[in-house]
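Below: one structure, written as structure tokens.
The values are calculated or read from the model by the stated rules, or taken from the named source; none is laboratory data. Everything numeric in this text was worked out from a predicted model, so none of it was measured. Using ideal geometry, Cβ is built from the backbone for each residue, glycine included, and neighbour counts are taken over all protein chains shown. Only protein heavy atoms, including side chains, enter the accessible area calculation; ligands, DNA and RNA are left aside. Shrake-Rupley method; radii C 1.70, N 1.55, O 1.52, S 1.80 Å.
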Amino acid sequence: MKVKQQLNQLKPYQPGKPIEEVKREYRLETVIKLASNENPYGCSPLAQQAIMKELDYLALYPDGYSRALREALASHVGVNEKQLIFGNGSDEIVQIVCRAFLQKGTNTVMATPTFPQYRHNAVIEGAEVREIPLQDGHHHLEAMLAAIDDHTRVVWICSPNNPTGTYVNDVSLRAFLDKVPKHVLVVVDEAYYEYVQAEDYPNTVSLLQQYENMMILRTFSKAYGLAALRIGYGIAHEHILQAIEPAREPFNTSRLAQVAALAALNDQTFIEQCAQQNKQGLNQFYTFCDEHSLRYYKSEGNFILIDFGFSGDEVFTYLLQRGIIVRSGCALGFPTAVRITVGSPEQNETIIRVLTNMLKERSEQFCEETF
Ligand SMILES: *Cc1c(COP(=O)(O)O)cnc(C)c1O
């Protein structure tokens, strides 16, 4: 048998290590997972209640149009109902976009390092992937523009960018959109939208009026705390969504995901509290980095990429042995860094204490070696 040859060049996605596995392997009672940008406060209790009520209907297919959620979300976001598409996580919308726009002979432009699923799905569709290195952790928009040609179909902007946490500001995004040819779809992935604090972060939904060739991706997996249920959405002009609709599975989001997302959406107090806690958590990490002269990018997401100046795998293993799971920068294109999800204040204190010990032990080791 022969699979598409593009698949041979792809490695399966490497998820953060599961908590249970780490407990067993290292014989630990408690393990903290700060690896996948999950919400340390879980989800709104209203979402759990909504799921309990929905359990009577598991025998029935979900509403393929997600009408109830669609109506509430349209009014929350401030768009018309037909300007929304739902996916089994925003991951699936990335897949749908690639299925719909890309094939051999086309190309797609993105930053590197960025969220790996853009590249992954584009490669499967046989498209050429043009990866433009970040400039000091930020999207290099001029170089991205220069990479666009007649065969470009999709440009990806991850803002805040995973794994750096940096964002594209309003002025830069507008200037970029002004220059992108109209035949190219610009996908702005705002998976961390609810956490953003920057004053000059663009209001992309309002930009849709001016720029028809744009699509915004958001998700219920991060701030809304519903990663297990797999539900995300895209916002775009109706004609774009109509055109890509045949590439979507008819029942791609489940009943439980739809009711939980609707209930979670109605609890904006929860989201605001999580965003506030996250901001304070980031400050805990900034203070730690500043005290130890470690380089980092200011983050608009719920994670921080810290450069330790030696192998990220080493930091990862040190933390893992002590019951803390993070992501090594080695797999993310930053070999001397780790990406840490902002946890609860206690979790943040714990990891900062362990990291402080690690730095102390290393500097003691160095002293011994030099004497
Ligand atoms: C987590 C993440 C997603 C995927 O989220 P799902 O909705 O769970 O599929 C998309 N984009 C970025 C940048 C992310 O970090």
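How many residues are of a type in the set (S, T, Y) and over 15 Å from P160 (Cα atoms) when one looks only at region 100-117?
Pass one, region 100-117, residues of a type in the set (S, T, Y): 106, 108, 112, 114.
Those still in the list that are over 15 Å from P160 (Cα atoms) too: 106, 108.
Total meeting the criteria: 2.
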How many of the residues making up region 247-278 are in contact with a helix residue (DSSP H, G or I) (Cβ under 8 Å, 6 or more places away or on another chain), more than 21 Å from A68 (Cβ to Cβ) and either assigned by TED's automatic domain parsing to the domain that holds Y296 or open to solvent by 40 Å² or more (accessible area, probe 1.4 Å) (or both)?
4
May I ask you to say which residue of V77, V94, V129 is touching a helix residue (DSSP H, G or I) at 6+ places or on another chain (Cβ under 9 Å), over 22 Å from P163 (Cα atoms), of a type in the set (A, V, I, L, M, F, W, C) and touching a residue at least 12 places away in the same chain (Cβ under 8 Å)?
V77
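Filter region 234-279 down to the residues that are small (G, A, S) and not in a helix (DSSP H, G or I) and list them by number.
Filtering region 234-279 for residues small (G, A, S) gives 234, 236, 243, 247, 254, 257, 260-261, 263-264, 275.
G234, A236, S254 - these are the residues of region 234-279 that are small (G, A, S) and not in a helix (DSSP H, G or I).
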Entirely in region 66-178, the helices (runs of 4 or more DSSP H) that have 3 or more residues that are outside the structural domain of A337 (by TED's automatic domain parsing) and open to solvent by 50 Å² or more (accessible area, probe 1.4 Å):
67-77, 90-101
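When you go through F270, F251 one by one, which is the residue that is in contact with a Pro (Cβ under 7 Å, 6 or more places away or on another chain) and more than 16 Å from the ligand (Cβ to nearest atom)?
On the way: F270 fails: in contact with a Pro (Cβ under 7 Å, 6 or more places away or on another chain).
Sole residue among the options that is in contact with a Pro (Cβ under 7 Å, 6 or more places away or on another chain) and more than 16 Å from the ligand (Cβ to nearest atom): F251.
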Which one is farthest from T341 (Cα to Cα) among residues in region 186-208 that are open to solvent by 10 Å² or more (accessible area, probe 1.4 Å) and more than 16 Å from the ligand (Cβ to nearest atom)?
S206
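Could you check, for region 209-227, whether at least one of its residues is in a helix (DSSP H, G or I) and either crowded, with 18+ Cβ neighbours inside 10 Å or within 14 Å of the ligand (Cβ to nearest atom) (or both)? So that I can check it myself, show each step before the final result.
Within region 209-227, the first condition is being in a helix (DSSP H, G or I), and the residues that meet it are 227.
Now narrow it down to the ones that are either crowded, with 18+ Cβ neighbours inside 10 Å or within 14 Å of the ligand (Cβ to nearest atom) (or both): 227.
Checked region 209-227: at least one residue is in a helix (DSSP H, G or I) and either crowded, with 18+ Cβ neighbours inside 10 Å or within 14 Å of the ligand (Cβ to nearest atom) (or both).
Yes/no per residue for (1) farther than 25 Å from N278 by Cα; (2) in contact with a Lys or Arg (Cβ under 9 Å, 6 or more places away or on another chain); (3) part of a helix (DSSP H, G or I):
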residue: S299; (1), (2), (3): no, no, no
residue: L305; (1), (2), (3): no, yes, no
residue: F310; (1), (2), (3): yes, yes, no
residue: R339; (1), (2), (3): no, yes, no
residue: N348; (1), (2), (3): no, no, yes
residue: Q365; (1), (2), (3): yes, no, yes
